[in-house]
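K.L.:
Starting off with a structure, shown below.
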Amino acid sequence: MIRMLGIETSCDETAASVVALDDSGVPRILSNVVLSQIEDHAAFGGVVPEIAARAHVEALDGIVEAALKEAELGLGDVDGVAATAGPGLIGGLIVGLMTAKAIAAASGKPLLPVNHLEGHALTARLTDDVAFPYLLLLVSGGHTQVVLVRGVGDYERWATTIDDALGEAFDKTAKLLGLPYPGGPNVERQAEAGDASRFRFPRPLRGEQRLDFSFSGLKTAVRQAATAIAPLSGQDVADICAGFQLAITETLEERVGRSLERFRSLFPDIGSPALVVAGGVAANKAIRATLDSLCARHGMRLVAPPIALCTDNAAMIGWAGIERLRAGLVTNDVMTMAPRSRWPLDEAAAPMIGHGKRGAKA
Ligand code: KG4
Ligand code: ZN
């Protein structure tokens, strides 16, 4: 039995969790406590880094205590402490990693610094026992990536966004239509009541060989359409949202479809290969449905962890800690390790021009 305390503070959720792997190899989430700061940031229409860091300082001790209590364990009972060490907002990362270091030093347990993206990437093995290799589509407020997951710590980035992240495109569209933050769920709700054929928005990079994404042109097209017919009625807003969401689903269908083709040709012998989707945007029902039928067409299966585990949480960090411990990926110099606000999963992938400068979330 391995029990791991996980800590996540890279953006605007303060989270702690205890995850266990029993001797027969079955993982279990013993507790999963997430405190969202959405209310602290809502008035500003986005995450304010300084407010986030202060809120983590205030909340983290109590959240760790709550996670241990819910798991009915003391610090002496866990086998390690895993904490997000990047990428993300540096203030929050410092709070989480320093707290984890203090706990590790006081308890004598190993410290496992975890890449937040690795947490998202490995969640499907906690929830669905997915075997390597598989393809990951990470769609959040800060990232839009397709990653080949070959093993623990072994990632190859196939695609990323050359400008805005997908969640960011939803949030910015919501903002310019006057919908509240966070925009994604509100745009989705509006889209359900709208006519998707009224506005025809672009499908960026359609037909291009490369596997990357681009969403800033789409956002600009939405702004132009909205300005042209302002002031907007409720129906106008709904129709724009519907047109926007259709452009997104059709874009994902075409862009991600290319990655699935590549995966199938690289691994023709895998019986039922998985596309794992993670990140807050994976909560979108239209996107899930699109990916589901896309996978079916390519002889793949879509694995979508429960929404609470797709969005930021500490169970995924604790689980990544267990995977790292199990794979022997423990290093000695962790106590001096500094958090990294930028930390690509695939260090060999070339940074994308213009990418990563915006979008606080990972
Ligand atoms: O994974 P997440 O909670 O935080 C990180 O970015 O790490 O993702 C948040 C993002 C936000 O941009 C939010 O607008 C988007 O996910 N989102 C959605 C939906 N729910 C959340 N986007 C589209 N449709 C949704 N239903
Ligand atoms: Zn995230």
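K.L.:
May I ask you to list the residues in segment 83-138 that are on the phi > 0 side of the Ramachandran plot and within 16 Å of the chain's Cα centre (by Cα)?
P.N.:
G86, G88, listed by residue number.
K.L.:
With the structure loaded, tell me whether G76 is away from ligand 1 (no atom under 16 Å from the Cβ), under 16 Å from V19 (Cα atoms) and at pLDDT below 95 or whether it fails that test.
P.N.:
So G76 fits the description; yes.
K.L.:
Kindly establish whether G86 is of a type in the set (G, A, S) and touching an Asp or Glu at 6+ places or on another chain (Cβ under 9 Å).
P.N.:
no
K.L.:
Scan the helices (runs of 4 or more DSSP H) fully inside segment 272-330 and keep the ones with 3 or more residues being over 12 Å from A124 (Cβ atoms) and among the aliphatic types (A, V, I, L, M).
P.N.:
Once the helices (runs of 4 or more DSSP H) in segment 272-330 are filtered for at least 3 residues that are over 12 Å from A124 (Cβ atoms) and among the aliphatic types (A, V, I, L, M), what remains is 285-297, 315-326.
K.L.:
Which one of the conditions (1) closer than 16 Å to G321 by Cα; (2) in contact with an Asp or Glu (Cβ under 7 Å, 6 or more places away or on another chain); (3) surrounded by fewer than 17 Cβ atoms within 10 Å (Cβ to Cβ) does I51 fail to meet, given that it meets all the rest?
P.N.:
Condition not satisfied by I51: (1).
K.L.:
If we keep just the residues of segment 1-40 that are outside any strand (DSSP E or B) and surrounded by 23 or more Cβ atoms within 10 Å (Cβ to Cβ), which is nearest to ligand 1 (Cβ to nearest atom)? Before you say what the answer is, go through the steps one by one.
P.N.:
Keep residues of segment 1-40 that are outside any strand (DSSP E or B), which gives 1, 9-12, 22-26, 37-40.
Now restrict to residues that are surrounded by 23 or more Cβ atoms within 10 Å (Cβ to Cβ): 9-12.
Working: T9: 12, S10: 8, C11: 6, D12: 8 Å.
So, considering only residues that are outside any strand (DSSP E or B) and surrounded by 23 or more Cβ atoms within 10 Å (Cβ to Cβ), the one nearest to ligand 1 (Cβ to nearest atom) is C11.
K.L.:
Out of G257, G321, G328, which single residue is away from ligand 2 (no atom under 14 Å from the Cβ) and free of Cβ contacts under 8 Å to residues at least 40 places away in the same chain?
P.N.:
G328
K.L.:
Name the residue that is nearest to ligand 1 (Cβ to nearest atom), counting only residues in segment 122-154 that are within 20 Å of A348 (Cβ to Cβ) and open to solvent by 20 Å² or more (accessible area, probe 1.4 Å).
P.N.:
Step by step, filter segment 122-154, then rank; the result is H143.
K.L.:
Being within 12 Å of ligand 2 (Cβ to nearest atom) and either without any contact (Cβ under 8 Å) to a residue 12 or more places away in the chain or in contact with a Pro (Cβ under 9 Å, 6 or more places away or on another chain) (or both) is the filter here; which residues of segment 121-142 pass it?
P.N.:
Hits for segment 121-142 are T123, G141, G142.
K.L.:
Then there is this: So which strands (runs of 3 or more DSSP E) stay within segment 78-197 end to end and still have 1 or more residues that are farther than 30 Å from I270 by Cβ and of a type in the set (S, T, N, Q)?
P.N.:
Those strands (runs of 3 or more DSSP E) span 80-86.
K.L.:
Pull up segment 272-286, narrow it to residues that are more than 16 Å from ligand 2 (Cβ to nearest atom) and touching a helix residue (DSSP H, G or I) at 6+ places or on another chain (Cβ under 6 Å), then point me to the one that is farthest from L166 (Cα to Cα).
P.N.:
L275
K.L.:
Restricting to segment 168-178, and then to whatever is buried (at least 20 other Cβ atoms within 10 Å of the Cβ) and in contact (Cβ under 8 Å) with a residue 40 or more places away in the chain, can you tell me which residue is farthest from A238 (Cα to Cα)?
P.N.:
Looking at residues that are buried (at least 20 other Cβ atoms within 10 Å of the Cβ) and in contact (Cβ under 8 Å) with a residue 40 or more places away in the chain, I get E168.
K.L.:
Now a separate question. Would it be correct to say that A67 is closer than 28 Å to E347 by Cα and either in contact with a Gly (Cβ under 9 Å, 6 or more places away or on another chain) or modelled with pLDDT of 95 or more (or both)? Don't jump to the end; show me each part of the working.
P.N.:
Details: closer than 28 Å to E347 by Cα: no; either in contact with a Gly (Cβ under 9 Å, 6 or more places away or on another chain) or modelled with pLDDT of 95 or more (or both): yes.
Criteria not met by A67.
K.L.:
Can you name the residue in segment 280-314 that is out of contact with any strand residue (DSSP E or B) (no Cβ under 9 Å at 6 or more places or on another chain) and farther than 22 Å from R264 by Cβ and, of all such residues, is nearest to ligand 1 (Cβ to nearest atom)?
P.N.:
Among residues in segment 280-314 that are out of contact with any strand residue (DSSP E or B) (no Cβ under 9 Å at 6 or more places or on another chain) and farther than 22 Å from R264 by Cβ, the one nearest to ligand 1 (Cβ to nearest atom) is A283.
K.L.:
Right, something else. P268 fails exactly one of the following numbered conditions: (1) open to solvent by 10 Å² or more (accessible area, probe 1.4 Å); (2) in a helix (DSSP H, G or I); (3) not polar (S, T, N, Q). What is the number of that condition?
P.N.:
(2)
The values are calculated or read from the model by the stated rules, or taken from the named source; none is laboratory data. As the structure is a prediction and not an experimental result, all values here were calculated from the model. Every residue, glycine as well, gets a Cβ built from its backbone with ideal geometry; the counts of neighbours run over all protein chains shown. SASA here: full protein model, heavy atoms, side chains in, ligands and nucleic acids out. Shrake-Rupley method; radii C 1.70, N 1.55, O 1.52, S 1.80 Å.
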